[in-house]
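Q: Here's a structure for you.
Every read-out reported here was derived from the displayed coordinates using simple, explicitly stated rules and does not represent laboratory data. Owing to the predicted nature of the structure, the values given are computational and were not obtained by experimental measurement.
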């Protein structure tokens, strides 16, 4: 039976940014044995209200925890914004667009989006910014923009959100090991690489079924 890893993620989820080096290492280490399928979970898709001070404080607290556990850097100039709408749908749709255009570039695009948002303070809710990021991973920005704005890609993005909800996935990152009709969570929330690799290695060598490691933090 075909084995695969399903990675439920949102480009604007800080715990997913913390997990970014982990999923990239997993993908590279097991590239010849198990594919990683990226599914966009939709953290705050369609949000239309500007961030208020309470929301900023909550996000700032999350960032501090992510930095402490993962070591990933953050640009706190983000909190100087006065009119930012934390709508994650465009960034999710950008990843879906790249997944359709060139699937092998999906994880690099995701990492570039994380980095652009969290360390460069770029507004990845804007089409122009997303096109620029797509060009950084080797895609034609004009071709990307046309696909990104298409109804087909919009619907595919919504199907990702629906698939996540249908499986009860509400925290990100979530990594699921799948084999035929069977599947089990590897992690629901952030985990360091040294906790996940032994579990995956044992699963891929048929020594054990997936057992969820004790969680340190949910998204």
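Q: How big is the stretch 94-188 by the Kirkwood estimate over distinct Cα pairs, in Å?
A: About 14.6 Å, per the Kirkwood formula over Cα pairs.
Q: Over the stretch 15-61, what per residue volume does the convex hull of the Cα atoms give, in whole Å³?
A: 78 Å³
Q: Moving to a separate point now. Let me see the P(r) profile for the stretch 48-94: every Cα-Cα distance counted, bins of 10 Å, each bin given as a percent of all pairs.
A: 23, 46, 30, 1
Q: What is the stretch 3-204's relative contact order, in percent, from Cα pairs under 8 angstrom and six or more apart in sequence?
A: 31 percent
Q: How far is helix 53-70 tilted off the main Cα axis of the chain, in degrees rounded to 10, range 0 to 90?
A: Here the helix axis deviates by roughly 40 degrees.
Q: Quick one: angle between helix 14-29 and the longest Cα principal axis of the chain, in degrees between 0 and 90, rounded to 10, please.
A: Compared with the principal axis, the helix lies near 40 degrees.
Q: State log₁₀ I(q)/I(0) for the chain at q = 0.10, 0.11, 0.14, 0.18 Å⁻¹ as given by the Debye formula over alpha-carbon point scatterers of equal weight, solvent excluded.
A: -0.43, -0.52, -0.85, -1.38
Q: If you don't mind, another one. If each DSSP helix of 4+ residues adds -39,500 (n - 2.57) and the sum is divided by the residues in the chain, what number results at 222 nm, nearest 500 deg cm²/dmol?
A: That comes out to -15500 deg cm²/dmol.
Q: Report the percentage of all Cα-Cα pairs in the stretch 49-137 whose separation exceeds 18 Å, rounded to a whole percent.
A: That fraction is 47 percent.
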